[in-house]
Amino acid sequence: MNNTQIADIIKNGETQMLEFKRQWKDDYLKTLCAFANTDGGIILLGVDDNNQIFGVQNIQNLIETLPNKINNNLGIIPHIEVLNFDDKKVILIEVKKSYATISYHGVFYIRSGSVTIQLNGSELTRFLLEKYGITWDSLEVDNFSPADIDLNTFERFKKLAQYRLPYLEQEKDILDIFSKLNLYNNGNFNRAAVLLFGKNPQKYFTQSFSKIGKFITNIDLISDDIIEGNLFEQVETILGLLKVKYLKSIIYYDGIYRKERMEYPETALREAVINALIHRDYTNNSNLQIKVFDKKLLMTNGAALPRQLSIDMLKKQHPSLPGNPIIAKVFYSAGLIESWGRGTLNIINECKNYSLPEPEYDYKAYYFSITFSKDISEGVSEGVNEGVNEGVNQLYHLIIKYPNKKTPFFAGKLNTSVKNIERWLKKLKDQNKIEFKGAPKTGGYFVK
């Protein structure tokens, strides 16, 4: 890399693989450690954060001491050279990506954008497994035996997987099947086997349950459910609860046949739930959370977005990089995911075909979320009764949760005027949905 190239790089500023420092400090060993653990990188000594070249004074001393200092502390050999910019000298320190783990004083660092991050907890676990080519779902589990397998789930899987795994029809030995599915090796089951087919996976991984809640505001919860069991059971239970309890369906007839249309496409919801369970970081103490509002449905999941992907890439064909590849392969074998790398795109297309807005994907601080929204042009909510607006619907649910309250209370909860509440109360009374009980000073509204 010549001086002209370096000058152009300096003009463009710091990146994930480049940092500027006015002068050397031993604390910058953390940055070099992070470079080595991520994609490699360069520190330019003698350049400040404003991309100004100031040069370095004690060149000879640094050239003599830095190689040993870096090697002794990090166990890596850097490339160091001096660059001349007119009468100013800049030191380039470059480290390559290391395929072994690198620590500084026993602490591991990585780069995220232009920031150096110290790894702890689940992030450190995930980093170490990835570095050694091990996936979380491949690790063996103690005290799990064939007696702990849910045979009903296993038999259902065999039926689902007959097309993609035709050998299942003749195979009778359950352990041979588990071995072929990479769920059993040398007399031990792995974590994928427990989560996919265990009778009680939460005995081994207490955080491996899911939650659904109905909300009228971000903090006001009407009802909720905790979904336990293995992953196959969770998928069906979640979709069943969404269909019969949390989401409304429009009934219509196609000729003589009675049909139902959910608020959101069931195929998209199924894909989103399965994707969440496949990609979930089970070292994260959170769980899959599904929050249902009047106008949207939000799924949040503790998961790491692979560094090779971005949110924008999820909106088009992209590489398949499942967080738990053994679990993903079993779901694929069962025909529950059609083609890897297309799940997020399928969800978008299903929503568009349903005349709904494109779902929003987001990723922050190791949490991935997807938001399904209703078509704003609907103008009404079907949650309570036909023809009432969203404000009336929210008020109705508040009366269910907080009976015997009066107008000012509801105005505060919904952050709206008393006049709006009075207008919505009148609509609900006209619909014969609510009534006022008790004296004017001590009474309140109740659902009929």
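The values are calculated or read from the model by the stated rules, or taken from the named source; none is laboratory data. This one's a predicted model, so the numbers in the text were calculated from it and none came from an experiment. Positions of Cβ are backbone-derived with ideal geometry, glycine not excepted, and every protein chain shown enters the neighbour counts.
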Legend entry - Qualifying residues in the stretch 27-83 (those that are touching a residue at least 40 places away in the same chain (Cβ under 8 Å) and in a loop (DSSP other than H, G, I, E, B)) - the one nearest to TYR109 (Cα to Cα): THR38
Inset, instruction - Might you check whether a residue that is of a type outside the set (Lys, Arg), crowded, with 16+ Cβ neighbours inside 10 Å, closer than 22 Å to ILE219 by Cβ and in contact (Cβ under 8 Å) with a residue 12 or more places away in the chain occurs anywhere in the stretch 435-447? - result: yes
Inset, instruction - Mind checking which strands (runs of 3 or more DSSP E) fall wholly inside the stretch 255-370 and carry at least 1 residues that are within 26 Å of ASN182 (Cα to Cα), within 16 Å of the chain's Cα centre (by Cα) and at pLDDT 90 or above? - result: 288-292, 296-302
Inset, instruction - For LYS180, indicate whether it is closer than 28 Å to TYR396 by Cβ and not hydrophobic (A, V, I, L, M, F, W, C). - result: no
Inset, instruction - Could you check, for the stretch 171-178, whether at least one of its residues is over 17 Å from ASN230 (Cα atoms), surrounded by 15 or more Cβ atoms within 10 Å (Cβ to Cβ) and not aromatic (Phe, Trp, Tyr)? - result: yes
Legend entry - Residue ID - farthest from PRO306 (Cα to Cα), chosen from residues in the stretch 105-162 that are acidic (Asp, Glu) and within 23 Å of the chain's Cα centre (by Cα): ASP137
Legend entry - Conditions (1) at pLDDT 85 or above; (2) of a type outside the set (Asp, Glu); (3) surrounded by 15 or more Cβ atoms within 10 Å (Cβ to Cβ); (4) under 29 Å from the mean Cα position of the chain (by Cα): number failed by GLY383: (1)
Legend entry - Selected residue (criterion: nearest to ASN218 (Cα to Cα)) from residues of the stretch 394-416 that are part of a loop (DSSP other than H, G, I, E, B) and at pLDDT 85 or above: TYR402
Inset, instruction - Return the pairs, sorted by first residue and then second, in which the second residue is surrounded by fewer than 17 Cβ atoms within 10 Å (Cβ to Cβ) and modelled with pLDDT under 95, the first residue lies in the stretch 201-213 and is more than 14 Å from ASN190 (Cα to Cα) and among the polar types (S, T, N, Q), the beta carbons are less than 6 Å apart, and the residues are 6+ apart or on different chains. - result: GLN207/ASN285
